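What follows is a short report on a single structure.
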Amino acid sequence: MKNSLQLAEPPKFLISITLLFWGYQSELLIWAILMAFILEIKLWITWRLHLDDYGFYKVGNFCTLLFIVSILIVVFGSKPQLMIHQLVNLSPIVFYPLLLSEYYSNSGTIPLGAFIYRYRKNDSQTRIKLGYFFFAISLLATSVINSHPDRFFVMVIFIFFWALWHIKSSSVSIVKWLGIFTLVISISYFGQQSLVRTALSFEHWATEYFSDFFSGERDPFRSKTAMGRIGELKLSNKIVMRVKIKNTKPLLLQEAIYNSFYNNVWFSSERKFDIMQHKFYDKNKIPQITIYRTTRNNHSLLALPLGSFDLSVEDYITLSRNEFGTTRAIDTNSIFEYDVYTIMSDSKENKSVPTPSDLIIPKPYRKIVSEISSELNLKANVNTVQKVSNYFRKKYTYSLYQEKLNYNNLPLEIFFRSKHRGHCEFFASATVLLLRSAGIPARYVVGYSATEYDVDDELFIVRARDSHAWAQAYINKKWINVDNTPSIWYQAETANASFFEPLTDWFSKLNYKYNLWQRDNGLNNYTVYIIILVVVLLLILSFKYKGNRGWFIGYSSNKININGRKKNTLKSTYINVLLQQILQLGQQFGVSKQDHEPLLHWQKRLEQRTKNNINSSELRDILFLYYQLRFATDAATENNIREFKQKVSLWLNDCYPKLQKDLDENVEDDP
Amino acid sequence: LRKLLDNYLWRSYRQISAISFWLRRRFTPAGKLVLIVLFTSALIGIDIREAQSYQLFTITLIFSVIAIISSIKKQGNFLVTRRLPKYGCVGEAVSYQLTIRNNSTKKIGRLAVFDILADPRPSREIFFVAQEPKSVSSNLFDRFFRFPRWKWLTETNTIANTSITDIPELLPNEQLNISLTLFPVRRGIVQFKTLEILQHDKIGLYRATKKIPCYDSLVILPKRYQLPLLQLPGKRQHNPGGVSNASLVGDAQEFVSLREYRPGDNIRRIHWNSWAKTNTPVVKQYQEEYFSRYGLILDTFCGNEKTEEFEEAVSLAASFVYSLYSLESFIDLMFVTNKAYQLSTGRGVTQREHLLEVLASVTKSDNKNFIKLSAKITENLTTLSGAIFIFIKWDEKRQQLLQLLRCNNIPFQGFLIQSDDPLTNNIQDLDNNIAILQVGKIESGLAEL
């Protein structure tokens, strides 16, 4: 009885349509057209390949290799966070050879062993049809590409319609079926929109409340200073940014801004980050600053000059900013680029209103700060900033080294009272507290100082050791940077440069150049990868190993496969011709081999019939050799075949006279 | 701790099997494909910014939900009758008939039927103590999680498989005969429990079910091999008491005379009337009954081990029962399960099909019961013309058994079934009359004899 719901063969053109859709989404349309074309011309091509199980296993091995190569492509790709997506996206290419072998083989099905190695050992008879499986894979591969949601929805609905219409039961009326289908589409459309809204709300909530768990990059809410730490501060020489700017004047790039100081830690009371509308990357427009940022994670705080707005990043990156101006990027690559088109110190982005917390001096420091403040006669005016700067310049020096301190003393108090030396965090924190004592709202800023100019590439190189801290003061209704760290800090940091720095810089530059080239030449990753893939596969295919039983090509005895077919068939035909000569001789003796009768059984009957007249032991040897050549996979060598031929001809020569004699005797016996 | 873990594993595997059985019946192949896409897109589509998989997830989810909802409605009223053949055989599809009648007043379409057989999942106790073959659980992981054991036990308990078959639309009060197919994979008795009538939804993804109890059973006979032409040794033997048999397969029985009782005579043969008249015991004397009687001795002593060998031994025994059946001789099948059995087949006695039926249900026995087999053979030494032994082990006890036959001049032919390559097995003092056959290559082994 026909089972109408069996998914034997997908409806016509379903796979091709899905493949084309996949190609269009993945920007591999030419490949997809080619793949679909090869599948569809099956209708006009009459020849089929004779592939046995081993042939399919070899195609399966080839697919495994393709899978390994795709993993390598994905692992070394530029977006590690999307590995699974990329792998799924490449899966139609991985499974395509198997589908092709099913389409163009005369069996029309694939043994399960082609997929699962365990089934090869068991010699399982289970066979499958790959069509619908490939259809599902292609659909999933299409869905992992970020594209226009509505376009994707329409295409998927069309594909579902095509697939389900084919299996529609004849007892269901078309109107009812269409009604249900329309209902499903409508609910799905509103359902997926609700899902997006829910997911975005959840993402916003999660970003807010779980941001403390973000690791690696600077924490936008909390900055623990190294004040009071013993020994010399050492920072890495790794290049973290490249800053392209028209002039060569060093600049400060702020990453995070904090306003509360407690126990050597700066906190930000502004926890709310709002998703920021940003421009999409446009290579025709010239930005004021272009920054190439390296990050270990897929999120990073953006280092920006004060008053930056009008940002542009790749469209898959999400930007969010808090009230203080700390800007965060999510879903970045390991190297990503962002452009700043406008920098205005009095822009509305720079008009974060000071809060009472911007004037708070922590209790342990109130005494010392008020002493210095009254000594300097600080008041809430523009001159105060200059006075504070002068105070630090005259009395304080820069040092990366900190000695052991008495537990009860606060590092910043010692910095004020006795030591008068320290690194940027001391100067920045001290500046903030002094400005606040004068009634000027001030905040603590961390970021980078771009000082090292690369003349060749005409850009600033920013290393991890260029990390810096300074203060921001609110004067004349705008925030300004106040950096009181003595300028020798940069030379002191540079003294720590590693011996291998030129080498690591060279690799870093190479990587940076490759990224630029890739972007400007418009070659997408996949095209490059597919070229690499084809070259690697060709190299592997040209390398035969395991003798005749190659993994991908080569023949094995009695196993007909794509490449070894002709040669192998010839061999087995030759052996069979020789065997037929023996059987014909037996027939002349009156002992015909029955269908399905084992050769050795036939030999025994022949032996009985001829009463040991013929050389039975030799015939037995010949038959054993025949079995070896026929069934042992690696026995069909040239030498063995030659030996077989010699034995057969010797035996036949020996037997023909006896046959003649036997026939004569029979004639005589016959009355 | 191991017991606790085993208990947990058993429960889990049981539940997973139940879910997979449910999915197999409830979702059409298209529905299963939709489910696969649903779960995969849920996994890869968490990030809605990076991919459109969430759309695929929503569409497949809505399709599944609508399909399930639309199939929730009251099923029709059906009357079903199943007509089974007498026997089935391992490896050969069995076709049987099903009559289904729509007793409702509505036309019902989109129907399919599925025969639910006895639950093959092993019981907790069996799962705990069973010993799967070493080849099944080859590594530490398998032995720890015992999934191969579960799979092996389930497969062992599965005698046959059935499939879902679509049936045409049924008009009110219409009766339909349909042909269903059963795929026997193992000898034994297939228990039919419930017939499930499935109706898929309008889209064709999900099936609603209606269960109709419909008990039946079918004997699946063991697999049989083609045997070579075996010249069984032996001659006709005196078979006293086999009068009725001799009339059919040997010389005709004739009452000859009365004679005096001699010690050893069967007291059943005493002619009481003559004793009363003469006052000395007199017995009836018959013309001697002669016919051939061959013993077919099946080795069942393997405890929990050697399942494959045992199955092959049963198949070989079935092949002999089937092939050696003739009008001129009897075959006495002897084996031990919990007690010793001797069953004869030949013209006038049990038909060979009945013996095959017995072989379909024969089970393994404990090693300590071997003595029962020896006793049974000793009992029949005087009547046997020859014997065929099917061993699954070779040891001293079996050697002694053959020695016994040899001492009594009873010719025999033996077969030893081995799972591994015979060359690698260290078999010592193997009798010349014993041929080694390898599991999975029995037919080719027989052909070489």
Inset, instruction - Give the ranking of B:Arg25, B:Arg14 by solvent-accessible surface, highest area first, calculated with a 1.4 Å probe. - result: B:Arg14, B:Arg25
Inset, instruction - Hey, can you find the accessible area per residue of the stretch A:115-162 for me, probe 1.4 Å, expressed in square angstrom? - result: 50 Å²
Legend entry - Per-residue [θ]222 nm for chain B (sum of -39500 (n - 2.57) over DSSP H runs n ≥ 4, rounded to 500): -10500 deg cm²/dmol
Legend entry - Relative packing of A:653-661, B:175-183, A:11-19, which averages over residues the other C-beta atoms within 10 Å, highest first: A:11-19, B:175-183, A:653-661
Inset, instruction - Could you tell me whether the stretch B:28-126 comes out rounded, prolate or oblate from its Cα gyration tensor? Rule is a ≥ b ≥ c as square roots of the eigenvalues, rounded for a/c under 1.5, then prolate if a/b exceeds b/c, otherwise oblate. - result: oblate
Legend entry - Furthest towards positive pole of dipole, B:Gly109, B:Ser123, B:Thr99, structure part the stretch B:94-137, Cβ charges: B:Gly109
Legend entry - Shielded by partner chains, the stretch B:10-33 residues - at least 50 Å² of accessible area, 1.4 Å probe, vs chain alone: B:Pro29, B:Leu33
Inset, instruction - Compare the peptides A:311-322, A:460-471, A:635-646 by average per-residue count of other Cβ atoms within 10 angstrom and give them in order, highest first. - result: A:460-471, A:311-322, A:635-646
Legend entry - Positive-end extreme of charge dipole, chain B - chosen from B:Ala387, B:Pro168, B:Ile69 (charges on Cβ): B:Ile69
Inset, instruction - Name the residue farthest towards the positive end of the dipole of chain B from the options B:Leu4, B:Leu324, B:Asn369, assuming +1 on Cβ of Lys and Arg, -1 on Cβ of Asp and Glu, about the Cα centre. - result: B:Leu4
Legend entry - Chains A and B together, accessible area buried on both sides, 1.4 angstrom probe, square angstrom: 4500 Å²
Legend entry - Interface residues in the stretch A:592-608 - accessible area drops by 40 Å² or more relative to the isolated chain, probe 1.4 Å: A:His601
Legend entry - Convex hull projection area averaged over all views, chain B, Cα basis, nm²: 32.7 nm²
Legend entry - Values of log10 I(q)/I(0), in the order q = 0.11, 0.17, 0.25, 0.26 Å⁻¹, for the stretch A:18-105 under a Debye, Cα-only, solvent-free model: -0.37, -0.81, -1.24, -1.26
Inset, instruction - Kindly flag which residue pairs out of A:Lys168/B:Lys73; A:Lys249/A:Lys394; B:Lys73/B:Lys193; B:Lys223/B:Lys364; A:Lys395/A:Lys477; B:Lys32/B:Lys193 have an alpha-carbon separation exceeding 22 Å in this structure. - result: A:Lys249/A:Lys394; B:Lys73/B:Lys193; A:Lys395/A:Lys477; B:Lys32/B:Lys193
Inset, instruction - Calculate the length of the line joining the C-alpha centroid of the stretch A:40-65 to that of the stretch A:415-457, in whole Å. - result: 70 Å
Legend entry - Counting all C-alpha pairs of the stretch A:5-159, share separated by more than 26 Å (%): 29 percent
Inset, instruction - Among B:Phe370, B:Phe255, B:Phe389, determine the one that fluctuates most according to a GNM of chain B built with springs between C-alpha atoms less than 10 Å apart. - result: B:Phe255
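The values are calculated or read from the model by the stated rules, or taken from the named source; none is laboratory data. Everything numeric here is computed off the predicted structure, so don't read it as measured data. Here the Cβ is made from the backbone with ideal geometry for all residues, glycine too, and neighbour counts use every protein chain on show. In case anyone asks, the SASA skips ligands and DNA or RNA and just uses the protein heavy atoms, side chains included. Shrake-Rupley method; radii C 1.70, N 1.55, O 1.52, S 1.80 Å.
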